[in-house]
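Read through the structure below, which is laid out as structure tokens, and then see the notes.
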Amino acid sequence: MSKLRVGFVGAGGMANAHLKAMIGFEDVEIAAFCDPDPAKLELRVAELKAAQPDAAPATFADADTMLAETGVDAAWLLLPPFAHGAAERACLKHSTPFFVEKPVGLDWALTQELVAEVEAQGLMTCAGYMNRYRQSLRSAKALLDQDPAALVHGGWIGGSPSPKPGDTNIGSWWVIKERSGGQIVEQCTHTFDVLRYLCGEAVEVYARAANGFNKDLYSYTIDDASSVVLQMANGGVANLMSSCSANAGGGGVWLNVYAHDTTCLFTGWDHAVKILRKGAEAQEIKGDGDIFAIEDRVFVDAVRAKDGSAIASTYPDASKTLRLTLAANESIASGKPVAI
Ligand SMILES: NC(=O)c1ccc[n+]([C@@H]2O[C@H](COP(=O)([O-])OP(=O)(O)OC[C@H]3O[C@@H](n4cnc5c(N)ncnc54)[C@H](O)[C@@H]3O)[C@@H](O)[C@H]2O)c1
């Protein structure tokens, strides 16, 4: 069987996660890594060679050169939110299908341009909203498509970050709003995407934020907490909350969905669900195994077969989740609701 040759753009934390996920794929050769930080390249090459001693990945500082010199069959764009644009354009130039981690950008005008180019070229893409492949979400979606939700509440609540001078990973940019977009755009984006997957599109977003509770954190400019109200196109309403200043526990990831005859209670990062239905036994579905391997397998198979029908989140679709979260930030800044 010929191997699919892939290259990673960005060799940080999520490159490590996708490397671990794909290292066991016998039909994939991880042929190249690209990152401006040589130390990250060294780390990822060492991890690959530890598992596959014969591997000889090429390393690069920029995506265009990597694609031109290696001709890989697909690229995984594992970049911080502020660093998008050049890698997507390189994939478009070389007609290289790409996987892109969430959030798919920060700059809405740039993202719209790239979406238009991807659609015009018909380039195959996949965005890293991996929860869409979970059995819990699939089962809930089948019910909610028939019995739409009137009310949703959910969110992502954790403790204070501890950024340090000299960090070279996610810690160096997550706490800077201009670099990450803040917790809504970078983290709670998963919950906004699950909301869209289960309940359809929103037509209006209104958000407020809390500040001044996290004190004296190095380079910190993001909100400490937020609450976002969404009016859904089907008439339902949702409230999604985020906090990164709750240090005594009791937070976590959750989403409660209430329809007329169906309640879906999702808990935890792995989105285990308890489904209640009027007149039926409660059903519980646990989280799946390695969700990154499940997600990567879908994209590998899609590229090999030149058939994207199993991809649950494409770049153009994922841009709509970015739009919602950027609208929440706009609303926080203006104090006014934002129409989508
Ligand atoms: N799906 C998930 O559950 C999940 C979890 C964590 C992070 N993420 C997302 O994954 C993305 C990457 O996060 P991370 O944790 O790997 O961050 P990271 O900071 O650990 O790694 C990012 C890497 O990109 C490199 N980089 C920066 N600009 C570049 C460029 N122009 N070309 C090539 N490389 C460049 C950096 O040097 C760094 O090594 C982010 O969008 C983040 O939100 C997703």
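Selection of the range 68-81 for residues being more than 19 Å from G105 (Cβ to Cβ) and either assigned to a helix (DSSP H, G or I) or not assigned by TED's automatic domain parsing to the domain that holds K40 (or both) yields A68, E69, T70. Among the residues of the range 54-67, those that are part of a loop (DSSP other than H, G, I, E, B) and more than 10 Å from the ligand (Cβ to nearest atom) comprise D54, A55, A56, P57. Looking at G200, G166, G171, G181, which is the one that is modelled with pLDDT under 95 and within 21 Å of the chain's Cα centre (by Cα)? Testing whether each residue is modelled with pLDDT under 95 and within 21 Å of the chain's Cα centre (by Cα) leaves just G171.
For the subset of the range 155-187 comprising residues that are part of a strand (DSSP E or B) and not small (G, A, S), which member is nearest to the ligand (Cβ to nearest atom)?
Residues of the range 155-187 that are part of a strand (DSSP E or B), as a first pass: 155-157.
From what's left, not small (G, A, S): 156-157.
Details: W156: 11, I157: 16 Å.
Step by step, filter the range 155-187, then rank; the result is W156.
Per-residue answers, yes or no, for (1) farther than 25 Å from C126 by Cα; (2) modelled with pLDDT of 95 or more; (3) of a type in the set (S, T, N, Q):
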position	(1), (2), (3)
C244	yes, yes, no
D270	no, yes, no
G279	yes, no, no
K336	yes, yes, no
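Note on the range 190-211: among residues that are closer than 15 Å to L322 by Cβ and of a type in the set (D, E), the one that is surrounded by the fewest Cβ atoms within 10 Å (Cβ to Cβ) is E201. Scanning the range 160-179 for residues being small (G, A, S) and under 22 Å from R44 (Cβ atoms) gives a total of 3.
The values are calculated or read from the model by the stated rules, or taken from the named source; none is laboratory data. Computed from a predicted model, the values in this text were never measured in an experiment. Counting neighbours? That spans all protein chains shown, and the Cβs are built from the backbone with ideal geometry, glycine included.
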